[in-house]
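Worksheet: one structure, shown below.
The values are calculated or read from the model by the stated rules, or taken from the named source; none is laboratory data. The structure presented is a predicted model; accordingly, all values stated were derived computationally and were not measured. Here the Cβ positions follow ideal geometry from the backbone for every residue, glycine too, while neighbour counts run over all protein chains shown. Please note that ligands, DNA and RNA were not included when accessible areas were found on the heavy atoms of the full protein model with its side chains. Shrake-Rupley method; radii C 1.70, N 1.55, O 1.52, S 1.80 Å.
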Amino acid sequence: IILRNLFTMNKILFLNLPYKFDISRASRWPEKTKSGTLYYPYWLAYCVGVCQKEGLNCKLIDCITRKYTQEDTIQKVQNYNPDYIMTEITTATCEYDYQTINKIKKENPNVKIIVGGTHATILPEQVLKECESIDYVVRQEYDYTVPEIVQNEDISKVLGVSYHENGEIKHTPNRSQLENLDELPYVSKVYQQFLDVNDYAYAFAQKPMIQIVSSRGCPNHCNFCSYPSTMGGRNYRTRSIKDLADEFEYILKEMPEIKEIFIEDDTFTVNQERVQNFCDEILKRNIQPVWSCNTRVDLTYETMKKMKEAGCRLLVCGYESGNQKVLDETHKGITLKQSQDFANNARKLDLKVFGCFMIGLTGDNLETINETYEFAKKLYPDMCFFQQAVPFPGTGFYKWAKENGYLITEDYSKWLNEDGYLNCLVDYPYANHQEIEKLRDNLMSKYYFSFAYIGKTFLANLDWTEFKRVMRGGTQYISFRLKKAIKSEKE
C-alpha cells in the first residue's frame, strides 16, 4: 500500500476551515470563545496520523489560528495542489463553510472535497444537497474512511460514506466503530509536525496545553449532548493503560513546553477501575505530569484521591441543574447529592473544578433555573459556566424542542450572532429566546462578580501560574461583557 501510494502521489490537505472569528469546531459549543479557549482540530489530526501511517502524503493547516481569510485559504490550497481536501463543518458554521468550500472548488475544480464532523454525520443528505461542491461526506469516526476513499476507485465499497453519483445521493452502510484505539498514532506527534501548541488554550488550563483522547464513545444518555449522538456513539472504547501512559511520557520528554495535558474524552472516568490503574501506572513511572479531564460527579473519593496523586489538576464536570426533576428529564443519570459530594471531595483534595450549568433544559422553568443558580453558589466551583441548552440536530433535546414547536429557526445561518456567539434558538412557554439570553448573561455576571467568588478565587490562586491563568480568562471575559454592555447601550 505504501509503495502504491508513493507511486500515485495522492496528496490530502486537511483543513480546519477559516471563519470570521476564532472558533473551535471540535468543541461541543462551537462559538467564539468568551475567555480565550481555542481547541485543537483533534479529529482532523487523528485522521492525519492514520493517513500518514497508511503512507499517504498529508498536510494539516489550521486556518483559524493562522488568521487566514477565504482568499488566503484558496491560495494555500493552490500552493499545495492536493488531490483531496478533508475538512469538518458544524451546524453553527456550515453556511460560511459552504461558501468557503464552493470558492475552493471553483478555483480547484479537480480536487475532491471530503467533509466530516457532527453536522455532516447527522445530516449527510442535506449537506450534499446544500453544497454540491462536496464530493464525499464521511459519517461518524472517519480515521480509516478517508484513506480508504483515497485508495479505492470504487467508493461504493467504502463504508461510512455518502456521495453524489449520476445525480443521486447514495449512502454506503455505516462503518463499525474502531475498537482497538491503540491503532491510532499519537496525535501529539501530528501537532508537533503541523501546529503551534502556543496557539491553543483552555481558559481553565495552564498554557500551553495539549488535547489528547484516551477513549471514544459515551454510555450515558444526556439528551442535549451531540457527540454520543453523532461521532463517537454510545459504545465506550478505550486505549490501553500502557498506550496512554506512553503518550504522556512522550509529551513530557519530547514536548517539554507543554504545561498541561487535557484528556478530551467525552467522559474519561466512565470506568473508575481503569482510571485508578492508569494513575498507578503514572505513579509507578514517576513522570509527574500535570493533567485534567472531563468527568462526571459520580466519582468516588478514592478515585479522586488517586487522580490527584497522579498529577490531575482540574476536573471538568456537568452539574447541569440544581433541580433533580430536571436532571431526570434530561437523562443525566446523576443526583444532587452526588454533585454536592463531588464538590466537597474536590475541595478536600484541592482539585480544581470547572462546573458547567445549563438553563432551558427539558423540565426547566424560571423557578428551577433560579434553583440551578443557588445550587451553583452552594457548590462554588473554581470556574463556572452557565449556558443555554442548544438544540443540536440528532439530540433528544432537538427532537423535544421541535415536537413542541419551541424552535425559533432551523436556518443554521442564524445560529451565531454577529459577534460570533451562539444565539438561544428556543422560545419557551415561560421565557422567549431573548429573555433566556439575558438571564444567562446575568447569571454569569452575578456569579463571577460576587464578592464571595472574587475573594475565594484569588485567595485560592495565589501561586503565580494559577494567578496568570485566572487573570487571562477573567480579563477576556470582562472585555466580552463590556463590549456587550456598550452594544446594548447603543441599541
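So for region 1-121, Kirkwood radius off the Cα pairs, Stokes-Einstein at 10 °C and 1.306 mPa s: how many µm² s⁻¹? Diffusion coefficient, whole number: 107 µm²/s. Under 19 Å from the 7 Å Cα→Cβ point of D411, by amide nitrogen: which residues of region 113-140? Answer for this model: 127, 130-131.
Roughly to the nearest percent, how much of the accessible area of the chain is carbon and sulfur, given a 1.4 Å probe? Mind dumping the intermediate values first?
Numbers: 10140 of 20320 Å².
Percent of accessible area from carbon and sulfur atoms in the chain: 50.
Can you give me the orientation-averaged projected area of the convex hull built on the Cα atoms of region 343-456, in nm²?
Numbers: hull surface 33.2 nm².
Orientation-averaged projected area of the Cα hull: 8.3 nm².
With everything on Cα atoms, drop me the angle between helix 336-349 and the longest principal axis of the chain, reported from 0 to 90° to the nearest 10. Here the helix axis deviates by roughly 90 degrees.
For the cross-link pairs K306/K352; K32/K207; K242/K348; K378/K446; K53/K189; K11/K32, the ones whose C-alpha atoms lie over 21 Å apart are K242/K348; K11/K32. Of H119, H164, H331, the residue with the largest accessible area leads and the full order is H331, H164, H119 (1.4 Å probe). The share of Cα pairs per 10 Å bin across region 122-277, counted from zero up to the longest distance, runs 9, 30, 33, 22, 6, 0 percent. Equivalent-ellipsoid semi-axes for the chain (Cα gyration tensor, √(5λ), whole Å, largest first): 35, 28, 22. In order along region 126-134, the phi-based Karplus estimate (6.51 cos²θ - 1.76 cosθ + 1.60, θ = phi - 60°) of 3J(HN,Hα) comes to 4, 4, 5, 6, 6, 9, 6, 6, 7 Hz; Gly and Pro are listed as x. Mean projected area of the Cα convex hull of region 136-206, taken over all directions, amounts to 7.5 nm². Peptides 423-433, 95-105, 276-286, 390-400 ranked from most to least packed give 390-400, 95-105, 423-433, 276-286, packing being the mean of other C-beta atoms within 10 angstrom over each peptide's residues. Against the chain, whose longest principal axis is taken from its Cα atoms, helix 272-285 shows a tilt of about 80°. On a per residue basis, the chain carries 41 Å² of accessible surface, using protein heavy atoms and a 1.4 Å probe.
Basic side chains Lys and Arg get +1 at the Cβ, acidic Asp and Glu get -1 at the Cβ, and with that the dipole of region 321-455 about its Cα centre reaches some 540 debye. Placing one identical point scatterer on every Cα of region 15-74 and ignoring solvent, what is log10 I(q)/I(0) from the Debye formula at q = 0.17, 0.21 Å⁻¹? With one equal scatterer per Cα and no solvent, log10 I(q)/I(0) is -0.61, -0.84. FRET efficiency for the S176 to R285 pair, using the beta carbon distance and R₀ = 45 Å, is estimated at 0.85.
How would region 245-299 be classified by its alpha-carbon gyration tensor: rounded, prolate or oblate, with rounded meaning a/c under 1.5 and the a/b versus b/c comparison settling the rest? Verdict is oblate for region 245-299. Considering only Q272, I113, N432, the residue lying farthest towards the positive end of the dipole of the chain is Q272, judged by Cα position with unit charges set on Cβ.
Take region 211-290, drop everything but the C-alpha atoms, weight them equally and run the Debye formula without solvent; then report log10 I(q)/I(0) at 0.14, 0.18, 0.25, 0.27 Å⁻¹ to two decimals. Rounded to two decimals, the profile gives -0.51, -0.77, -1.19, -1.31.
So what's the back-of-envelope 222 nm ellipticity for the chain, counting only DSSP H runs of four-plus at -39500 (n - 2.57) apiece and dividing by all residues, rounded to 500? Present the calculation step by step, with values, prior to reporting the outcome.
On the way: 19 runs with 207 residues, N = 491.
After summing the helix terms and dividing by residue count, I get -12500 deg cm²/dmol.
Can you give the Rg/Rh ratio of region 216-361, where Rg is from the C-alpha atoms and Rh is the Kirkwood radius? Each step should come with its number before you reach the end.
Numbers: Rg = 15.6 Å, Rh = 16.0 Å.
Over the Cα atoms of region 216-361, Rg/Rh equals 0.98.
For region 15-142, a simple Cβ point-charge model (Lys and Arg +1, Asp and Glu -1, everything else neutral) yields a dipole of about 300 debye relative to the Cα centre.
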